[in-house]
Each structure stands twice: as structure tokens, then as C-alpha cells.
């Protein structure tokens, strides 16, 4: 039986969550960060502007399980403005977003305002500063993964996303991994 490989990565901003270039643009790919063995695939994706925990494996069954079976994914999100309790309640009970030109109501989730500003360091993207008004950080835990879902959810309640960092997938935590750092795991 083939021995599968498992990794976790702190995906930096501006890295595309794939190994093969689909376009001629010179974007940084996962293979540019680390010499992954042949057959390793990303489990789900983070868009180019998002950062944080990305799992990688050679085990297609585990990849499918995580992507399609309601495994929790937690994000810390810096938003434009001071989040209200009403907006948190809306997020938790589901909001209408657009997916492929169709209206979609997100599933219930768990969101709350973070009491302490997380310290992820600079991410290389220019995010407006406090001179342009206050920001706040929230945690959002979802069990689905539609295209740019978290960004669309915060915008739907009037608080656009400025920075998005995935901190947890199931029981696996980002856990202090530095941006661009890879750690081999025994399993998922």
C-alpha cells in the first residue's frame, strides 16, 4: 500500500493555490515555496489575496473528505468598520451572496468579534490604515467553501474584507507557522 504524504503550509498573500500555471502571467505558485514531492495536491484553495492554513497531500480520498464533508474552516477576518451585533447575527444565520451568477444563501456559521487583534505581521499587500476609519477583526467558521465565500459574506452585511487569514481546518491549526513555512504532518 502506498504511503501518503501530508503537509500544512502558511500560504502567503500573492501565491496562487496551485502547482501548474493556467495563464501566461508570472504568478508565484505553491511549488515556488517548497520542493513538494510529486503527486502532492492542495486540499481546497485560498485565493491570491488570502493567506493562512493550506493543507496538501498525496491522498485524494482525504482531500475529497475535507472539501466535501462539512469539515469546519475558521478564518480571522479584518473588516472595514466596527462590526455590529446585528451583522454578526446575520452572518451566523446565513446571508445571500452570488455564486456563478445565482443567488445563494450561506449555511449557518459561527462568527464573533475578536477581543484581541491577531498578530500575523505584515502581509505585503497595502491595506488602508486607521486614517481611513476604524477596522475590526472577526472569526468566521464555515463548513462549506464557495468561491470567495467569506469575502462575499462580510460584504453582504456591510463590512468588506480587508484581510483574510485561514487559521484552522478541522482540528489542524495554523499554530504559529510563519508565512511561507511548511510542516510535514503524520496524517490529517
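The values are calculated or read from the model by the stated rules, or taken from the named source; none is laboratory data. All figures in this text were calculated on a predicted structure; none of them were measured in a lab. Methodologically, a virtual Cβ is constructed for each residue, glycine included, from the backbone with ideal geometry; neighbour enumeration extends over all protein chains shown.
Restricting attention to region 82-106, and to residues there that are at pLDDT below 95 and assigned to a loop (DSSP other than H, G, I, E, B), which single residue is surrounded by the fewest Cβ atoms within 10 Å (Cβ to Cβ)?
101
Among residues belonging to region 26-43 that are in a loop (DSSP other than H, G, I, E, B) and in contact with a strand residue (DSSP E or B) (Cβ under 6 Å, 6 or more places away or on another chain), point out the one that is surrounded by the most Cβ atoms within 10 Å (Cβ to Cβ).
Filtering region 26-43 for residues that are in a loop (DSSP other than H, G, I, E, B) and in contact with a strand residue (DSSP E or B) (Cβ under 6 Å, 6 or more places away or on another chain), the one surrounded by the most Cβ atoms within 10 Å (Cβ to Cβ) comes out as 40.
Being exposed (fewer than 15 other Cβ atoms within 10 Å of the Cβ), assigned to a loop (DSSP other than H, G, I, E, B) and in contact with a strand residue (DSSP E or B) (Cβ under 9 Å, 6 or more places away or on another chain) is the filter here; which residues of region 56-81 pass it?
If the condition is that a residue be exposed (fewer than 15 other Cβ atoms within 10 Å of the Cβ), assigned to a loop (DSSP other than H, G, I, E, B) and in contact with a strand residue (DSSP E or B) (Cβ under 9 Å, 6 or more places away or on another chain), then 72 is the only one that fits.
Being surrounded by 13 or more Cβ atoms within 10 Å (Cβ to Cβ), in contact (Cβ under 8 Å) with a residue 12 or more places away in the chain and closer than 19 Å to residue 8 by Cβ: is that true of residue 46 here?
So residue 46 fits the description; yes.
With the condition being in contact with a strand residue (DSSP E or B) (Cβ under 9 Å, 6 or more places away or on another chain) and loosely packed, with under 14 Cβ neighbours inside 10 Å, I'd like the strands (runs of 3 or more DSSP E) fully within region 129-186 carrying at least 1 qualifying residues.
Result: 182-185.
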